[in-house]
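The structure appears right after this line, and notes come after that.
Quick note: the coordinates plus some simple rules give every number you see, no bench work behind them. Every value quoted in this text rests on a predicted model; they were computed, and no experiment measured them. Quick reminder, even Gly has a Cβ in these numbers, built from the backbone with ideal geometry, and neighbours come from all protein chains shown.
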Amino acid sequence: MVRVKKTPKIETRDASGRSNGFLIPIYNVNEPFVDPAQRPQQVYCTVVAPGTVKGPHLHMRRWGLFTCILGDVDIVVRVGPDRYETYSSGEQHDFRTVQVPAGLAAALVNRGDIPAYVLNMPSPAWQAHDQDDHPVEGWSYVFDTRGA
């Protein structure tokens, strides 16, 4: 089951009370959102160029945990034969964190005009000797990369 968590954007202030930016609390080991068995083992940023798609990718052991921190991205997940669900993350979508279980193929779609910076916090971590990348057969979803 794909899980989604709204991630608040919290305004930060300097000592005099003036706004000096914001923070986005993406992952906290003390929150129950991620089961201990799927806790992130790696963190990396992938950038999806405007009007492009990364994927679909299929991992049989690795769970994905995605949060778009700049721009916006749709995460398209195949949840059954010819059944797809779309989850959005990024600036216009409350910086949602989306957890994609192992065994479900998924793709990142940027329909915006700027690059989308997406943090992926997978479990287990990628390893050169065991990449856990599998062919995605029967993917029928038609991507629309035009503006959101």
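Take the residues of the stretch 30-65 that are outside any strand (DSSP E or B) and within 13 Å of the chain's Cα centre (by Cα): which is surrounded by the fewest Cβ atoms within 10 Å (Cβ to Cβ)? In this case the residue turns out to be VAL43.
Among residues of the stretch 132-148 that are of a type in the set (S, T, N, Q), those with a beta-carbon under 8 Å from a residue that is surrounded by 11 or more Cβ atoms within 10 Å (Cβ to Cβ) at least six positions away or on a different chain give the pairs THR145/GLY51; THR145/THR52; THR145/VAL53; THR145/VAL109; THR145/ASN110; THR145/ARG111. I'd like the full set of residues that are without any contact (Cβ under 8 Å) to a residue 40 or more places away in the chain and touching a Ser or Thr at 6+ places or on another chain (Cβ under 8 Å), limited to the stretch 1-33. GLU11, THR12, ARG13, SER19, ASN20, GLY21, PHE22, LEU23, PRO25, listed by residue number. Quick check, is VAL98 under 18 Å from ARG3 (Cα atoms) and part of a loop (DSSP other than H, G, I, E, B)? No. Against the list (1) part of a loop (DSSP other than H, G, I, E, B); (2) of a type outside the set (D, E, K, R); (3) touching an Asp or Glu at 6+ places or on another chain (Cβ under 8 Å); (4) under 23 Å from PRO8 (Cβ atoms), the condition SER140 fails is (4). Across the stretch 66-98, the qualifying residues are those that are of a type in the set (Gly, Ala, Ser) and over 13 Å from TRP139 (Cα atoms), and the one among them that is surrounded by the most Cβ atoms within 10 Å (Cβ to Cβ) is SER89.
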